[in-house]
Amino acid sequence: MPITDALLDSFRNARHVVVFTGAGVSAESGIPTFRDALTGLWERFDPAELATPDAFRRDPALVWGWYEWRRMKVLQAQPNPAHLAIAALAERVPKLTLVTQNVDDLHERAGSRDVIHLHGSLHAPRCFACARPHTLTETPEEPAEGRRLEPPRCQHCNGLVRPGVVWFGEMLPEAALQAAFDAAGACDLLLSIGTSGVVQPAASIPRVALQAGAVVVHVNPQPAGHDGRREFSLTGAAGGVLPDLLRMLGGRHGIIDGSFRP
Ligand code: OAD
């Protein structure tokens, strides 16, 4: 559907907006999603071999090399107009809570603060044995896609260092999950951007908001059918739809050459 006046009014009247993002918000920064046909990571790699504690026990160098390759891609990437629009939206509404399933730091680099990371971060590795955080160098070794790389050792216990992401079969960080569900239950409007909505428990967050009476707006190039009177779909790439939305909302931020200027 197009961005209607009624939808713009929902944004203007909202006291608390939750923005819930998935891999699609970083797609236009060149970071692959998981489930897009042909380009999705899980189309090309087997998650059972790369994204579980058992996979790491079996072949730590394979898993570490793959995550370092992804971390490198993120370090080389820049926030795109969608990340920038979300950061600008936070200046326009009384309260905005940003919840992401993404393990990159592009929201933070776009200027968003207090980002809730439900699935951890590529940039916060920790010891697999003692769980203490490990500091990584900013310029990692250059692992090619799929190349093995021995993980570093913990400075405290000499255990293997693991990526700081949530793997399949692991619990999500409790405080982050609680904060996300609390915000979804208390907001007036939830904007769900670039997620296939299949990985639980994160995928329930838009439904929690809807059931609590909020307006829910999905932004995705894949058209989604929603029948509820309070649930809407804006079909298109986040880097196009969100700057349009900002511009139509009006206010003190404008877009110049694809980036936001105060
Ligand atoms: P998916 O790869 O499952 O979904 C990406 C979504 O983004 C799809 O619905 C695409 O249509 C959409 N998309 C693609 N390009 C877009 C664009 N330019 N603008 C907006 N949307 C776009 O990624 P997630 O839903 O984030 O978990 O996946 C959820 C979790 O599954 C991830 O956090 C990860 C994965 O396994 C862990 O690693 C624990």
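Checking the structure you have, find out if any residue of the stretch 24-40 is modelled with pLDDT under 90 and among the aromatic types (Phe, Trp, Tyr). Checked against the condition, which is being modelled with pLDDT under 90 and among the aromatic types (Phe, Trp, Tyr), the stretch 24-40 yields no hits at all. Within the stretch 164-197, the residues that satisfy the criterion of being near the ligand (Cβ under 10 Å from one of its atoms) and either in contact with a Phe, Trp or Tyr (Cβ under 9 Å, 6 or more places away or on another chain) or within 18 Å of Val93 (Cβ to Cβ) (or both) are Val165, Trp167, Ser192, Ile193, Thr195, Ser196. Hey, could you check the stretch 13-25 for residues that are surrounded by 14 or more Cβ atoms within 10 Å (Cβ to Cβ) and away from the ligand (no atom under 13 Å from the Cβ) and say which is farthest from the chain's Cα centre (by Cα)? Going through the qualifying residues, I end up with Ala14.
In the stretch 71-91, the residues that are under 10 Å from His107 (Cα atoms) reach residues that are part of a helix (DSSP H, G or I) and among the small types (Gly, Ala, Ser) with C-beta atoms within less than 6 angstrom, at least six apart or across chains, in these pairs: Asn80/Gly239; Ala82/Ala238; Ala82/Gly239.
For (1) part of a loop (DSSP other than H, G, I, E, B); (2) more than 16 Å from the chain's Cα centre (by Cα), each residue gets a yes or a no:
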{"residue": "Met1", "(1), (2)": "yes, yes"}
{"residue": "Glu49", "(1), (2)": "no, yes"}
{"residue": "Arg70", "(1), (2)": "no, no"}
{"residue": "Ile86", "(1), (2)": "no, no"}
{"residue": "Val93", "(1), (2)": "yes, yes"}
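Examine the stretch 88-96 for a residue that is within 14 Å of the ligand (Cβ to nearest atom) and in contact with a strand residue (DSSP E or B) (Cβ under 9 Å, 6 or more places away or on another chain), and state whether such a residue exists. Within the stretch 88-96, none of the residues are within 14 Å of the ligand (Cβ to nearest atom) and in contact with a strand residue (DSSP E or B) (Cβ under 9 Å, 6 or more places away or on another chain). Within the option set Leu38, Leu122, being within 14 Å of the ligand (Cβ to nearest atom), of a type outside the set (Phe, Trp, Tyr) and assigned to a loop (DSSP other than H, G, I, E, B) holds for one residue only, Leu38. Note on the stretch 214-250: among residues that are part of a loop (DSSP other than H, G, I, E, B) and more than 15 Å from the ligand (Cβ to nearest atom), the one that is nearest to Ile86 (Cα to Cα) is Gly250.
For the stretch 223-239, a residue qualifies if it is in contact with a Leu (Cβ under 7 Å, 6 or more places away or on another chain) and either buried (at least 18 other Cβ atoms within 10 Å of the Cβ) or closer than 13 Å to Ile3 by Cα (or both), and the qualifying residues are Glu231, Phe232. For the criterion of being touching a residue at least 12 places away in the same chain (Cβ under 8 Å) and surrounded by fewer than 18 Cβ atoms within 10 Å (Cβ to Cβ), Gly194 fails.
One residue stands out in the stretch 90-117 among those that are small (Gly, Ala, Ser) and buried (at least 21 other Cβ atoms within 10 Å of the Cβ): the one that is nearest to Ala179 (Cα to Cα), namely Ser112.
Only a single criterion out of (1) out of contact with any strand residue (DSSP E or B) (no Cβ under 6 Å at 6 or more places or on another chain); (2) assigned to a helix (DSSP H, G or I) is not satisfied by Ala176, namely (1).
The criterion of being more than 30 Å from Val18 (Cβ to Cβ), modelled with pLDDT under 95 and surrounded by 14 or more Cβ atoms within 10 Å (Cβ to Cβ) does not hold for Leu160.
Close contacts from the stretch 111-130, counting a first residue that is at positive phi and a second that is assigned to a strand (DSSP E or B) and surrounded by fewer than 21 Cβ atoms within 10 Å (Cβ to Cβ), with Cβ to Cβ under 8 Å and a gap of 6+ residues or different chains, come to Gly120/Gly164; Gly120/Val165.
The values are calculated or read from the model by the stated rules, or taken from the named source; none is laboratory data. Worth saying up front: this structure is predicted, and the values here are computed from it rather than measured. Here the Cβ is made from the backbone with ideal geometry for all residues, glycine too, and neighbour counts use every protein chain on show.
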